[in-house]
Amino acid sequence: MNQLGHVPRSNEDLKLDIFCSPVGEAWRIYVHPTWLPGYLARCFDRHGEAHPVYIDLDDLDYQMSVSGVVYDKLPSAAGGVQLLAKGHAATVLAVWLSQCFASGQR
């Protein structure tokens, strides 16, 4: 996936919006087409999708909590979940997600 859009002017302008859809034991991750840091952008295909990805949403809750940031976790009726983070929370979410990719379980 290319780094789309403009680089945010400040940390406050950062926004990460992803949708996680369960597929068996793994997840298919969709990213909203916007600017992404390079280390994360290369994990997605040209359509903004990555699969299979093994994530632990309880671990994400923990990471966000210990970082002192808040984010929105919006469940869908189909079993998926939208994760929306802004500012420093977007950075924490991006790092957590990149660690999921780097775990070698993808």
The one condition ALA85 fails out of (1) out of contact with any Lys or Arg (no Cβ under 7 Å at 6 or more places or on another chain); (2) closer than 22 Å to GLU25 by Cα; (3) surrounded by 12 or more Cβ atoms within 10 Å (Cβ to Cβ); (4) touching a residue at least 40 places away in the same chain (Cβ under 8 Å) is (2)
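Within the stretch 74-85, can you find the residues that are assigned to a strand (DSSP E or B) and under 13 Å from ILE18 (Cβ atoms)? Talk me through it step by step, then tell me what you get.
First pass over the stretch 74-85, keeping only residues assigned to a strand (DSSP E or B): 74-75, 81-85.
Within the stretch 74-85, LEU74, VAL81, GLN82, LEU83, LEU84, ALA85 qualify.
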message = Against the definition (outside any loop (DSSP other than H, G, I, E, B) and touching an Asp or Glu at 6+ places or on another chain (Cβ under 8 Å)), how does GLN63 come out, yes or no?
response = no
Across (1) modelled with pLDDT under 90; (2) within 19 Å of VAL81 (Cα to Cα), VAL53 clears everything bar (1)
Reported set for the stretch 62-73 where residues are under 17 Å from LEU16 (Cα atoms) and either among the hydrophobic types (A, V, I, L, M, F, W, C) or in contact with a strand residue (DSSP E or B) (Cβ under 8 Å, 6 or more places away or on another chain) (or both) is MET64, VAL69, VAL70, TYR71, ASP72, LYS73
Of the residues in the stretch 19-60 that are in contact with a strand residue (DSSP E or B) (Cβ under 6 Å, 6 or more places away or on another chain) and assigned to a loop (DSSP other than H, G, I, E, B), the one that is farthest from ALA90 (Cα to Cα) is TYR54
Checked pairs for the stretch 54-80, first surrounded by 13 or more Cβ atoms within 10 Å (Cβ to Cβ), second of a type in the set (Phe, Trp, Tyr) and not in a helix (DSSP H, G or I), C-beta under 7 Å and 6 or more apart or across chains, list as ILE55/TRP27; MET64/TYR71; GLY80/PHE19
Given the conditions (1) at pLDDT 95 or above; (2) under 14 Å from SER98 (Cα atoms), every one holds for PHE19 apart from (2)
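The values are calculated or read from the model by the stated rules, or taken from the named source; none is laboratory data. A quick note: this is a predicted structure, and the numbers were derived from the prediction, not measured. Methodologically, a virtual Cβ is constructed for each residue, glycine included, from the backbone with ideal geometry; neighbour enumeration extends over all protein chains shown.
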